[in-house]
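Have a look at the structure below before the remarks.
The values are calculated or read from the model by the stated rules, or taken from the named source; none is laboratory data. The structure displayed is predicted, hence computed values, not measured ones. Note that we place each Cβ from the backbone using ideal geometry, even for glycine, and neighbour counts take in every protein chain shown. Surface accessibility is based on the protein's heavy atoms, side chains included, excluding ligands, DNA and RNA. Shrake-Rupley method; radii C 1.70, N 1.55, O 1.52, S 1.80 Å.
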Amino acid sequence: DTAVSQTPKYLVTQMGNDKSIKCEQNLGHDTMYWYKQDSKKFLKIMFSYNNKELIINETVPNRFSPKSPDKAHLNLHINSLELGDSAVYFCASSQRRGDGYTFGSGTRLTVV
Amino acid sequence: EDQVTQSPEALRLQEGESSSLNCSYTVSGLRGLFWYRQDPGKGPEFLFTLYSAGEEKEKERLKATLTKKESFLHITAPKPEDSATYLCAVQATGNTGKLIFGQGTTLQVKP
């Protein structure tokens, strides 16, 4: 019974392609997040949604577009992939904005 | 600018050898400080939240403490299964829920 699930776990694609990562949480949490972890394991926030409303949009290229069809789902679409987009992308959720997060297991994106 | 720095970057201990990990932070106003554990190939796992200076929390062999400028994660008599990367993060006052992470400390405990 996975609390925060992401698909796919691994994604290898060529430069210039468009890809999506999906995230679902079954915890009933109101807030969901996307974080990017670089090769040095540094985690940085990209987006956050609270009950389907965008509340955080960090300095991220507009090739990245989040979508939240309902409060249990937060997807990430990436257009025109570049080599520098290679990283591990984590989805997370929290009951309220000040609470600790529950993270998914990550999606390792490799752009070749 | 809000910032988190963790030290050391890597730590090797013998089983049973106690030690501490440091997390120094600068933040405009602290709402909470969080500790996470991350195993290879997995997402970070929540350990503790500390809200005010002087607060302490414990879980098994781990104890987290907080001052106005830093937090320590004390590991008492560690076991090989404690080997992981430990991440510290702060949340500033405000209502976004954003966490600012440090770069982590990778702990290896040898039997």
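It is to be established whether one or more residues within the range B:63-72 are away from chain A (no Cβ under 14 Å), farther than 19 Å from B:Gln3 by Cβ and either within 10 Å of the chain's Cα centre (by Cα) or exposed (fewer than 15 other Cβ atoms within 10 Å of the Cβ) (or both).
Let us first name the residues in the range B:63-72 that are away from chain A (no Cβ under 14 Å), namely B:63, B:65-72.
When the remaining residues are screened for being farther than 19 Å from B:Gln3 by Cβ, the result is B:63, B:65.
If we keep only those that are either within 10 Å of the chain's Cα centre (by Cα) or exposed (fewer than 15 other Cβ atoms within 10 Å of the Cβ) (or both) as well, we get B:63, B:65.
Yes.
With the condition kept exactly as written, say whether any residue in the range A:40-47 is aromatic (Phe, Trp, Tyr), out of contact with any Pro (no Cβ under 7 Å at 6 or more places or on another chain), modelled with pLDDT under 95 and open to solvent by 30 Å² or more (accessible area, probe 1.4 Å).
So in the range A:40-47, the residues aromatic (Phe, Trp, Tyr) come out as A:42, A:47.
Next, from what is left, pick out any that are out of contact with any Pro (no Cβ under 7 Å at 6 or more places or on another chain): A:42.
If we keep only those that are modelled with pLDDT under 95 too, we end up with A:42.
Checking which are open to solvent by 30 Å² or more (accessible area, probe 1.4 Å) leaves us with A:42.
Yes.
Name every residue in the range A:78-97 that is farther than 27 Å from B:Tyr36 by Cα and not small (Gly, Ala, Ser), in order of residue number. So that I can check it myself, show each step before the final result.
First, the residues of the range A:78-97 that are farther than 27 Å from B:Tyr36 by Cα: A:78-83.
Passing the criteria: A:Ile78, A:Asn79, A:Leu81, A:Glu82, A:Leu83.
Name the residues in the range A:1-22 that are open to solvent by less than 40 Å² (accessible area, probe 1.4 Å), more than 11 Å from chain B (Cβ to nearest Cβ) and either among the aliphatic types (A, V, I, L, M) or under 11 Å from A:Tyr89 (Cβ atoms) (or both), would you?
A:Leu11, A:Ile21
Restricting to the range A:69-95, what's the tally of residues that are in a loop (DSSP other than H, G, I, E, B), open to solvent by 10 Å² or more (accessible area, probe 1.4 Å) and touching a strand residue (DSSP E or B) at 6+ places or on another chain (Cβ under 7 Å)? Give the derivation first.
First, pick out the residues of the range A:69-95 that are in a loop (DSSP other than H, G, I, E, B): A:71-72, A:79-82, A:86, A:95.
Then keep just the ones that are open to solvent by 10 Å² or more (accessible area, probe 1.4 Å); that gives A:71-72, A:79-80, A:82, A:86, A:95.
Of the ones still in play, those that are also touching a strand residue (DSSP E or B) at 6+ places or on another chain (Cβ under 7 Å) are A:72, A:82, A:86.
Adding up the residues that qualify gives 3.
Return the total of residues in the range A:32-58 being more than 29 Å from A:Val111 (Cα to Cα) and assigned to a strand (DSSP E or B).
2
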